[in-house]
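Undergrad: This is the structure I want to talk about, given as C-alpha cells.
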Amino acid sequence: MAIYITQLFNGLSVSSILLLIALGLAITFGLMNVINMAHGELIMIGAYATYVTQNMFKSALPASMFDYYYILAIPVSFAIAFLFGWLLELSLIRHLYGRPLDSLLATWGVGLALQQLARSIFGAPNVGVTSPSWLDGGLTIMEGVVLPYKRLFIIALVIICLLAMYFYIYRSRAGRNMRAVMQNRDMAACLGISTRRVDAVTFAIGSGIAGIAGCALTLLGPIGPSLGTYYIVDAFMVVVLGGVGKLVGTLLGALGIGMTNTLFEYWTNASLGKVLVFVCIVAFLQWRPRGFVAMRTRSLD
Amino acid sequence: MTQTWSRARIWALIGYAVAAAAMFAAPLYLSDFRLNLLAKFLAFAIVALGLDLIWGYTGILSLGHGVFFGLGGYAMAMHLKLQASGGRMPDFMDWSGLTALPAFWKPFESLGFAFLAGLLIPGVLALILGYVTFRNRIRGVYFTILTQALVIIATTLLIGQQAYTGGTNGITGYSKIAGQSISSPDTKQMLYWVTAIFLVVAFVLCRFLVKSRFGKVLRAIRDGENRVRFIGYNPALYQMTAFAISGVLAGLAGMLFVLHVGIISPSMLGIVPSIEMVLWVAIGGRGTLIGAVLGAVLMNGAKSEISAQYPDAWTFIMGALFIVVVVFLPGGVTGLVERLKFRKRSVSEHEQEAVRHPAV
Amino acid sequence: MKKKKMSIHRTALLMLVLAVGLAACGTSKDEPASTTEGGTTAATGGDTIKVGILHSLSGTMSISEVSVKDAEMMAIEEINAKGGVLGKQIEPVIEDGASDWPTFAEKARKLLSENKVATVFGGWTSASRKAMLPVFEELNGLLWYPVQYEGLESSPNIFYTGATTNQQIVPAVTWLLENRGKKFYLLGSDYVFPRTANKIIKEQLKAEGGELVGEEYTPLGHTDYSTIITKIKEAKPDVVFNTLNGDSNVAFFKQLKDAGITSKDLTTLSVSVAEEEIRGIGADVLTGHLAAWNYYETTDTPQNKTFVENYKKKYGNDRVTADPIEAGYDAVYLWAAAVEKAGSTDVAKVKEAAKGLEWDAPEGKVKIDGATQHLYKTVRIGEVQSGGMFKELWNSGEPVKPDPYLKGYTWAATLSVGN
C-alpha cells in the first residue's frame, strides 16, 4: 500500500515537473507556432539566476536571512528569463513567424550560443544551489510514505502558474488581445491591437515561465550549462501529446507522460521505461495525430 | 527538356569535371591524415544529399537522420568487429557476460550481407516510419518532433543493450576489411576512392530523381501538399519513397564513415549530430544538390580547423551560423551566390527567385 | 531560368574546387615528413619537445576534463621552469575532443601524424579511450590516460595512471562487507564502466558472502530518481554502491536526502564523486557519504601540500584538486622521468625506461608496473565532510599492485575476461 501511494505521488511529482517545463513551450509553440529549441536554455537561465540570487544573499545579507533567498529567486528567474525572451523575440523570432521549421533551427543556434555563454561565465562544472531549509524534509502521511516538501512545493508552484496563465489568457484584457492576434492577426490589427507588442509579450511570458521552471529544478537536479538539454525533448513531447493551443491539453500531456513514465520505470528499469514511454507517444500520435485536445479547424495548411 | 549546349552548360560541365578530377586526384596531393579527413567529409556529403532530398525538395525536416546514419555504421562496424576478432566473440560481449555470439550477429561475417544490411535496415526503418506518419498526415513540425523521439528510442536501446551493441563505447578496434589491413595507406586510399565513387553515384542518382517527374511532384508537395492531393496524387507515397531513399543514403554514409573513422557509437545517432547534418544542408543551400555537398565538406573542414584552435569560439560560430543562415540566407551559400548574380542582371528575376524558396 | 541555373552550378563547383584546394594547401609543408612511420622521433627535432593534450574542452564532458588539462599544463610549466626534459622545453599542443568519441580518434591521429608529438596526455571516458586506442596502436604512439576505469585492458601503447578495478572497487567492496553490511544495491548510469564494474562486484559478493538485493541503471542525463529511491527503500540494502556519473549524481543525492534518507540510514559509496563533483551537488547533501579513490585534496603528504598550493595559486582559491586531476599531473611527471632515463622520446625506449619507475606523487609513492603499464596505487576510502572535503577512513597502507584482468582473484576466474 505504502508503495502504491509513494509511486502515485512520484508520478504526480514527475508530471508537475514536466508541466512546468512544458508550460512555457505550450505558449510559444502552441499559441505562436514558434518552435523554440532554446527553451531548455531559458530554463538554464532561470536556474543560474537562482544561483546568482543565492550568492548575493550569501555575501550581502546576514546568514539568518539566507533562507528567504528562494522567495526572491522565483520572481528574479522569471524576470531575467522574461527579459531574455523579450530580446530574443525582438531580435530574431519576429523574422520567423510562419516558418516553424526555420524557427527550430535558428533557436537551436541560440541555444548553443547560450550554453557556451553559461560555460564562459560560470564555468563548465555544475554549480551548487543550497535549497532553503524550510523545504528540507517531508510530510509523513503514513508509515513509510514521505512526501518531500520540495516536490509538494513544485506541485503547488505549477498549480499557481497554471491558474495565473489561465486567468491571463482567458480572463484578462491582455489575454483576450493575445488570443485575438493568434486567431486572426490582420483582423486584430485592424481593431487597433498592436500585434508586434502582443507577440513580444507573449513570447516573453513563455520564456519567463521557463525561468520559473529553472528555479524550481535547482531544488531537485544539477545546475550546469547543459541543464536545458535534459528537458527539451520531454517538454516538446508533452506539448505535442497534449495537443497545441489549449492549456488543458498540456496538462493532460504532462500527466500522461509523467504517470506512464513512473509506472514503466517501476515495472522495468529506467532505460526501458523511457523507451516504452516514447514508443507509446509515437503510437498514440498515430491514433490521434493532433494530440489529446485538438483545436478544431477547417483550414488546410 | 531540350538539350541546348549553351555556353553556360559547357562551363558547368567543365566545372564538374574539374571538381571530380580534383576529388579523385586528392590522394596525390594530400597527406594521409588530410585524405582521411576529406574521406570522412565526403561520407558526410552523402548523408547531406539524402537530407536535401527530403528537406530541400520535399519540405520534410528530419532531425533523426543520425539514426539511419548510425544504423548503417553499426552494420559495417559489426562486420569489421567480427573480422578483427577472427571468428571469436567480440571482446565487449565477453565483458558483458555473453557466452556465444548472438544469432543476429552471425550473418555479418559476410561483407556483402553487412553492406546490404547497412543499406536496407535504415531504408526499411525509414519506410515504416514514413508509412505510419505520412499516411496519418503527420507532417511539418509534428514529424520533426517525432523524429527526435525516434532518436531517443534508438540511442537508449543501443546503450542499454550493451552485450549486443557495445553500449556507449560503441564498436571499435577493427583490423581488416576484405582481407586487407584497414590501417595501411593503400587500403585507406582505396577506401577514399570508394567513397568518392559512391558520392558521385549518389549525386547522379539524386540529380536524376529531382530532374524527373518524381522530383517535380516532391517540389509540388513542398510548396502545397493539399494541392498535390487534390490533383490526384498521393503525397504520402512520394514522401515515403523520398524518405526511404534518404534513409538508404544516410546508411551508406554511415558505413563509409565507419571505414574511415574506425568507430561507431550511440553518440553519433544523437540529436546533436542529427541537427548538425541539417546545418550542413542549410549552409550549403537547401534545394540544390551541389549546395548540400558543399555545405557538408566546408562545414566539417571549418569545424576541424577552427575547433582545434578555438574550441570555445567554435560553439558560438556554429550557433551564429544557424541563426544567420536561417534568417538571412535561406538559400545558403549557393543561394547567396545566386542572389549576387541576379542583382547584376535584373531585380525582378531576383524577386522571382525568392518565391522559389517559400517558407517551409 | 535555365541559363541562370547553369551559372549557379558553375560558381558552386568552383567553390568545391576551392574547398579541395584549401584542404590541400595546409598540408604541403608536412609532405616530406608524412612518409615516416609514426613520427615519434620527429618530436625532438627542434628546440622543444611537443606533447599532445587531448581532453574535451567543450561539450558535456568538459565539466570534468578541463581541470585535468589544467593540471597537466601546470606540470609541464613546472618541468619547463626546472629546465625541461633532455635540456629541451616541453611544448604542449592542445586539442579539443569535444565530448565526441570519433573526434577523439580524429584528433589523436592529427596529433601523432601532423604535429608529431612525442606523447599524448588525454581522455576521460572509457569510450574516448577505446576510440583512441586503435589509432595509438596503429601509429605506435603513446597515450597517458589519467582516470580510474573498468579494467580488462592493457594496451602496449597506453599508460594508465588512474586506478584499475583492484585498486578502487574491489578493496572498497571488501571494506564495505567488513564494516557496513552484506546487502548491496548496485546503482549506475547506463554505460560501460558501471555495467562492467557491477559485473565484477556481483562475482565478488558471491565469493565474499555478500548479498545482491537490487541492480539498476539509468540513462545518461537521467534527472528524476524518485522511482529508483522507492525501489531502494523496498529492497532495504545496507549499502548502495553508486557508479552514477556526474549530473545524475546531483539529482540522485538531492532527491535521496529529500526522501528522508541520510548517510546514517544508508551507506552509499561512490566511485565517480570527487571534490569537484561535491561542489556541484552541495556538501550539505553529501555529508557522511563515502567514496573510494587513490587521492584526496586532504591526503597528507608533503608533495600534496605543494601540489594543492600551486594549483590554487595558479587557477584560483576556489578550485579544488581531485583524483583524476592528480593522476593527470602524475602522468606528465612520469613521462618526463621516463624520457630522462631513456635519453630519448622514442616510444619503445620510453616504455622500456618506464618499467619499475618510481615517483613521489601527491598521493604518495607510485610505481609503474612494467607488465600492465598501470600504476601501483594506494587505495583510500573517504567520508565527505561538511566543508566538501574528504576525511580518510581507511587506506591500504601500501601501494597496491595493478591487476587489470583480476588474475589474482580466484572468484574472478568466472568472469571469462578473454586474453
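The values are calculated or read from the model by the stated rules, or taken from the named source; none is laboratory data. As the structure is a prediction and not an experimental result, all values here were calculated from the model. We place every Cβ from the backbone using ideal geometry, glycine too, and count neighbours over all the protein chains shown. We work out accessible area using only protein heavy atoms, side chains counted, and drop any ligands, DNA or RNA first. Shrake-Rupley method; radii C 1.70, N 1.55, O 1.52, S 1.80 Å.
Here's the yes/no breakdown for (1) in contact with a strand residue (DSSP E or B) (Cβ under 7 Å, 6 or more places away or on another chain); (2) within 9 Å of another protein chain (Cβ to nearest Cβ); (3) surrounded by fewer than 24 Cβ atoms within 10 Å (Cβ to Cβ):
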site: B:ILE46; (1), (2), (3): no, no, no
site: B:LEU53; (1), (2), (3): no, no, no
site: B:LEU63; (1), (2), (3): no, yes, no
site: B:MET76; (1), (2), (3): no, no, no
site: B:LEU80; (1), (2), (3): yes, no, no
site: B:PHE92; (1), (2), (3): no, yes, no
site: B:TRP105; (1), (2), (3): no, no, yes
site: B:PHE113; (1), (2), (3): no, no, yes
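Undergrad: How many of the residues in the range C:262-316 are part of a loop (DSSP other than H, G, I, E, B) and either over 25 Å from C:GLY397 (Cα atoms) or within 14 Å of chain A (Cβ to nearest Cβ) (or both)? Break it down into steps so the answer makes sense when it comes.
TA: Of all residues in the range C:262-316, those part of a loop (DSSP other than H, G, I, E, B) come to C:262-266, C:271-274, C:282, C:287-289, C:294-301, C:316.
Okay, now just the ones that are also either over 25 Å from C:GLY397 (Cα atoms) or within 14 Å of chain A (Cβ to nearest Cβ) (or both), so C:262-266, C:272-274, C:282, C:287, C:316.
Within the range C:262-316, residues that are part of a loop (DSSP other than H, G, I, E, B) and either over 25 Å from C:GLY397 (Cα atoms) or within 14 Å of chain A (Cβ to nearest Cβ) (or both) number 11.
Undergrad: Pick from the range C:263-306 the residues that are charged (D, E, K, R) and out of contact with any helix residue (DSSP H, G or I) (no Cβ under 8 Å at 6 or more places or on another chain): which of them is least open to solvent (accessible area, probe 1.4 Å)? Quick ask: steps written out before the conclusion?
TA: Step one: filter the range C:263-306 for residues charged (D, E, K, R), giving C:264-265, C:275-277, C:279, C:284, C:297, C:300, C:305.
With out of contact with any helix residue (DSSP H, G or I) (no Cβ under 8 Å at 6 or more places or on another chain) added as a condition, the list becomes C:264-265, C:275, C:279, C:284, C:300, C:305.
Values: C:LYS264: 185, C:ASP265: 100, C:GLU275: 1, C:ARG279: 98, C:ASP284: 71, C:ASP300: 125, C:LYS305: 128 Å².
Restricting to residues being charged (D, E, K, R) and out of contact with any helix residue (DSSP H, G or I) (no Cβ under 8 Å at 6 or more places or on another chain), the top hit is C:GLU275.
Undergrad: Now a separate question. Of (1) over 21 Å from B:LEU98 (Cβ atoms); (2) open to solvent by 10 Å² or more (accessible area, probe 1.4 Å), C:ALA413 satisfies all except one. Which?
TA: Going through the list (1) over 21 Å from B:LEU98 (Cβ atoms); (2) open to solvent by 10 Å² or more (accessible area, probe 1.4 Å), C:ALA413 breaks only (1).
Undergrad: From the residues in the range C:374-419 that are among the basic types (Lys, Arg) and under 26 Å from C:THR262 (Cβ atoms), which one is farthest from the other protein chains (Cβ to nearest Cβ)? Write out each step before concluding.
TA: At the first step, the residues of the range C:374-419 found to be among the basic types (Lys, Arg) are C:377, C:380, C:391, C:401, C:407.
Keeping just the survivors that are under 26 Å from C:THR262 (Cβ atoms) gives C:380, C:391.
On the way: C:ARG380: 23, C:LYS391: 20 Å.
Ranking the candidates gives C:ARG380 first.
Undergrad: What number of residues in the range B:302-338 are more than 14 Å from chain A (Cβ to nearest Cβ), of a type outside the set (A, V, I, L, M, F, W, C) and open to solvent by less than 20 Å² (accessible area, probe 1.4 Å)? Quick ask: steps written out before the conclusion?
TA: Narrowing the range B:302-338 to residues more than 14 Å from chain A (Cβ to nearest Cβ): B:302, B:304-305, B:308-309, B:333-334, B:336-338.
Checking the rest, the ones that are also of a type outside the set (A, V, I, L, M, F, W, C) come to B:304-305, B:309, B:334, B:338.
Remaining after also requiring open to solvent by less than 20 Å² (accessible area, probe 1.4 Å): B:304, B:334, B:338.
Matching residues across the range B:302-338 total 3.
Undergrad: Based on this model, can you work out whether C:THR27 counts as open to solvent by less than 10 Å² (accessible area, probe 1.4 Å), touching a helix residue (DSSP H, G or I) at 6+ places or on another chain (Cβ under 6 Å), at pLDDT below 85 and of a type in the set (S, T, N, Q)? Outline the logic, then answer.
TA: Values: open to solvent by less than 10 Å² (accessible area, probe 1.4 Å): yes; touching a helix residue (DSSP H, G or I) at 6+ places or on another chain (Cβ under 6 Å): yes; at pLDDT below 85: yes; of a type in the set (S, T, N, Q): yes.
Judged against the criteria, C:THR27 is a match.
Undergrad: Can C:ALA371 be described as open to solvent by less than 20 Å² (accessible area, probe 1.4 Å) and either more than 14 Å from chain A (Cβ to nearest Cβ) or in a loop (DSSP other than H, G, I, E, B) (or both)?
TA: no
The rows are residues; the columns are (1) on the phi < 0 side of the Ramachandran plot; (2) out of contact with any helix residue (DSSP H, G or I) (no Cβ under 7 Å at 6 or more places or on another chain).
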| site | (1), (2) |
| --- | --- |
| B:GLY140 | no, no |
| B:ILE152 | yes, no |
| B:THR156 | yes, no |
| B:GLN161 | yes, yes |
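Undergrad: Next question, about the same structure. Just for the range A:15-30: of the residues that are in contact with a Gly (Cβ under 6 Å, 6 or more places away or on another chain) and at pLDDT 95 or above, which one is nearest to A:GLY245 (Cα to Cα)? Lay out the reasoning, then the answer.
TA: So the first thing to find is which residues in the range A:15-30 are in contact with a Gly (Cβ under 6 Å, 6 or more places away or on another chain), and the list is A:15, A:18, A:24, A:27-28, A:30.
Restricting the remaining residues to those that are at pLDDT 95 or above gives A:15, A:18.
On the way: A:SER15: 19, A:LEU18: 17 Å.
That would be A:LEU18.
Undergrad: Inside the range A:182-207, can you point out the residues that are surrounded by 13 or more Cβ atoms within 10 Å (Cβ to Cβ) and basic (Lys, Arg)? Spell out how you get there, then give the answer.
TA: Of the range A:182-207, the ones surrounded by 13 or more Cβ atoms within 10 Å (Cβ to Cβ) are A:182, A:185, A:188-189, A:193-196, A:198-207.
If the condition is that a residue be surrounded by 13 or more Cβ atoms within 10 Å (Cβ to Cβ) and basic (Lys, Arg), then A:ARG185, A:ARG196 are the ones that fit.
Undergrad: When the range B:115-153 is examined, which residues are found to be polar (S, T, N, Q) and surrounded by fewer than 20 Cβ atoms within 10 Å (Cβ to Cβ)? Spell out the reasoning first.
TA: So the first thing to find is which residues in the range B:115-153 are polar (S, T, N, Q), and the list is B:133, B:136, B:144, B:147-148.
The one that is polar (S, T, N, Q) and surrounded by fewer than 20 Cβ atoms within 10 Å (Cβ to Cβ): B:ASN136.
Undergrad: Looking at C:GLY59, is it within 21 Å of the chain's Cα centre (by Cα), open to solvent by 10 Å² or more (accessible area, probe 1.4 Å) and within 23 Å of C:ASP323 (Cα to Cα)?
TA: Yes, satisfied.
Undergrad: Which of (1) closer than 25 Å to B:LEU42 by Cα; (2) in a loop (DSSP other than H, G, I, E, B); (3) hydroxyl-bearing (Ser, Thr, Tyr) is the odd one out, the single condition B:THR195 does not satisfy?
TA: In the conditions (1) closer than 25 Å to B:LEU42 by Cα; (2) in a loop (DSSP other than H, G, I, E, B); (3) hydroxyl-bearing (Ser, Thr, Tyr), B:THR195 misses (2) alone.
Undergrad: Identify, by number, the condition in (1) out of contact with any His (no Cβ under 9 Å at 6 or more places or on another chain); (2) more than 16 Å from C:GLN167 (Cβ to Cβ); (3) touching a residue at least 24 places away in the same chain (Cβ under 8 Å) that C:GLY328 doesn't meet.
TA: Unmet for C:GLY328, out of (1) out of contact with any His (no Cβ under 9 Å at 6 or more places or on another chain); (2) more than 16 Å from C:GLN167 (Cβ to Cβ); (3) touching a residue at least 24 places away in the same chain (Cβ under 8 Å): (1).
Undergrad: Further, regarding this structure: Of these, C:LYS367, C:LYS349, C:LYS305, C:LYS314, which one is within 21 Å of the chain's Cα centre (by Cα) and of a type outside the set (S, T, N, Q)? Steps first, answer last, please.
TA: Values: C:LYS349 fails: within 21 Å of the chain's Cα centre (by Cα); C:LYS305 fails: within 21 Å of the chain's Cα centre (by Cα); C:LYS314 fails: within 21 Å of the chain's Cα centre (by Cα).
Within the list C:LYS367, C:LYS349, C:LYS305, C:LYS314, the selection yields C:LYS367.
Condition check ((1) modelled with pLDDT under 90; (2) over 20 Å from B:MET78 (Cβ atoms); (3) small (Gly, Ala, Ser); (4) open to solvent by less than 40 Å² (accessible area, probe 1.4 Å)) across all residues:
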| residue | (1), (2), (3), (4) |
| --- | --- |
| B:ALA163 | yes, no, yes, yes |
| B:GLY173 | yes, no, yes, yes |
| B:ILE177 | yes, no, no, yes |
| B:SER184 | yes, yes, yes, yes |
| B:THR187 | no, no, no, yes |
| B:TYR192 | no, yes, no, yes |
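Condition check ((1) in contact with a Lys or Arg (Cβ under 9 Å, 6 or more places away or on another chain); (2) in contact (Cβ under 8 Å) with a residue 40 or more places away in the chain) across all residues:
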| residue | (1), (2) |
| --- | --- |
| A:ILE257 | no, yes |
| A:THR262 | no, yes |
| A:GLU265 | yes, no |
| A:SER271 | no, no |
| A:VAL277 | no, no |
| A:ILE281 | no, yes |
| A:PRO289 | yes, no |
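Undergrad: Could you list, in sequence order, the residues of the range A:137-181 that are farther than 27 Å from A:GLY214 by Cα, more than 14 Å from chain C (Cβ to nearest Cβ) and open to solvent by less than 50 Å² (accessible area, probe 1.4 Å)?
TA: Listed by number, the residues that qualify are A:ASN177, A:ALA180, A:VAL181.
Undergrad: Considering the range C:186-228 alone, what residues qualify as being more than 11 Å from A:ALA270 (Cβ to Cβ), assigned to a strand (DSSP E or B) and either open to solvent by 10 Å² or more (accessible area, probe 1.4 Å) or within 11 Å of chain B (Cβ to nearest Cβ) (or both)?
TA: C:GLU211, C:LEU212, C:VAL213, C:GLY214, C:GLU215
Undergrad: Inside the range C:230-262, can you point out the residues that are open to solvent by 10 Å² or more (accessible area, probe 1.4 Å) and either at pLDDT 95 or above or of a type in the set (S, T, N, Q) (or both)?
TA: Scanning the range C:230-262 gives C:PRO237, C:ASP238, C:ASN245, C:THR262.
Undergrad: Something else now. Given the criteria aromatic (Phe, Trp, Tyr), away from every other protein chain (no Cβ under 12 Å), assigned to a helix (DSSP H, G or I) and closer than 22 Å to A:THR229 by Cβ, does A:PHE84 qualify?
TA: On the way: aromatic (Phe, Trp, Tyr): yes; away from every other protein chain (no Cβ under 12 Å): yes; assigned to a helix (DSSP H, G or I): yes; closer than 22 Å to A:THR229 by Cβ: yes.
So A:PHE84 passes the test.
Undergrad: Determine whether the range C:142-165 contains at least one residue that is part of a helix (DSSP H, G or I), out of contact with any strand residue (DSSP E or B) (no Cβ under 7 Å at 6 or more places or on another chain) and without any contact (Cβ under 8 Å) to a residue 60 or more places away in the chain.
TA: Taking the range C:142-165 and keeping what is part of a helix (DSSP H, G or I), we get C:165.
If we keep only those that are out of contact with any strand residue (DSSP E or B) (no Cβ under 7 Å at 6 or more places or on another chain) too, we end up with C:165.
Narrowing further to those that are without any contact (Cβ under 8 Å) to a residue 60 or more places away in the chain: none.
The answer is no; no qualifying residue exists.
Undergrad: While we're on this one: Is one or more of the residues making up the range C:323-332 more than 19 Å from A:PRO222 (Cα to Cα), among the β-branched types (Val, Ile, Thr), at pLDDT 95 or above and surrounded by 22 or more Cβ atoms within 10 Å (Cβ to Cβ)? Outline the logic, then answer.
TA: Going through the range C:323-332, the residues more than 19 Å from A:PRO222 (Cα to Cα) turn out to be C:323-332.
Then keep just the ones that are among the β-branched types (Val, Ile, Thr); that gives C:325, C:332.
Remaining after also requiring at pLDDT 95 or above: C:325, C:332.
Of the ones still in play, those that are also surrounded by 22 or more Cβ atoms within 10 Å (Cβ to Cβ) are C:325, C:332.
Looking for residues that are more than 19 Å from A:PRO222 (Cα to Cα), among the β-branched types (Val, Ile, Thr), at pLDDT 95 or above and surrounded by 22 or more Cβ atoms within 10 Å (Cβ to Cβ), one finds at least one in the range C:323-332, hence yes.
Undergrad: Now a separate question. Return the residue satisfying two criteria in turn: it lies in the range C:128-152 and is more than 16 Å from the chain's Cα centre (by Cα) and at negative phi, and of such residues it is surrounded by the fewest Cβ atoms within 10 Å (Cβ to Cβ). Lay out the reasoning, then the answer.
TA: Narrowing the range C:128-152 to residues more than 16 Å from the chain's Cα centre (by Cα): C:134-141.
Those left that are additionally at negative phi: C:134-139, C:141.
Working: C:PRO134: 23, C:VAL135: 27, C:PHE136: 25, C:GLU137: 17, C:GLU138: 20, C:LEU139: 21, C:GLY141: 26.
Only one residue tops the list, namely C:GLU137.
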